[in-house]
Amino acid sequence: MAARDGDGWVECACGNKHWGLNGAAGIMIVRGHEILLQHRAPWVHNGDTWGIPGGARDSHETTIEGAFREAIEETGIDTDLLTPLLKRASARHRRKQR
Ligand SMILES: [Zn+2]
């Protein structure tokens, strides 16, 4: 277990590469009728686009822990102010078998 041990690309059975050796976690932060979006730097994957905070999940993290860590790193938000309403996991994308 190490911080940032999830960073890396995975070759997926769908034919694409995805970021996150242990999967990824993201968080949609909603307040009233507003959603918090971030503008990605031009030099990152999907750069110069808008998205929700998120990224690669470390091996020791739950999905919520990974999503909260990413939200702190990317927005500086105090996650004590957040209340998870819904957790959704998808196994649609799987590592390509070699
Ligand atoms: Zn995929």
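Of note:
- Dimensionless Rg/Rh of the chain - Kirkwood Rh, Rg from C-alpha atoms: 0.97
- Estimated dipole of the chain in Debye, rounded to 20 [Cβ of Lys and Arg +1, of Asp and Glu -1, Cα centre]: 660
- When each of TRP43, TRP19 is scored by the number of other beta-carbon atoms lying within 10 Å, the sequence from fewest to most is TRP43, TRP19.
- Sequence-separation-based contact order of the chain, relative, with Cα cut under 8 Å and 6+ spacing, percent: 31
- Selection from HIS18, THR75, GLY54, by position along the positive dipole direction of the chain (Cβ): HIS18
- For segment 45-98, the alpha carbon convex hull comes to 129 Å³ per residue, rounded to a whole number.
- Estimated from helices alone, the mean residue ellipticity of the chain at 222 nm is -4000 deg cm²/dmol (sum of -39500 (n - 2.57) over DSSP H runs with n ≥ 4, per residue).
- Among VAL10, VAL44, a tally of other beta-carbon atoms within 10 Å of each Cβ gives an order, fewest to most, of VAL44, VAL10.
A short reminder: the numbers here are calculations on the coordinates, not readings from a lab. Note that this is a predicted model, so its numbers are computed, not measured. Don't worry about glycine lacking a Cβ; one is built from the backbone with ideal geometry, like all the others, and counts go over all protein chains shown.
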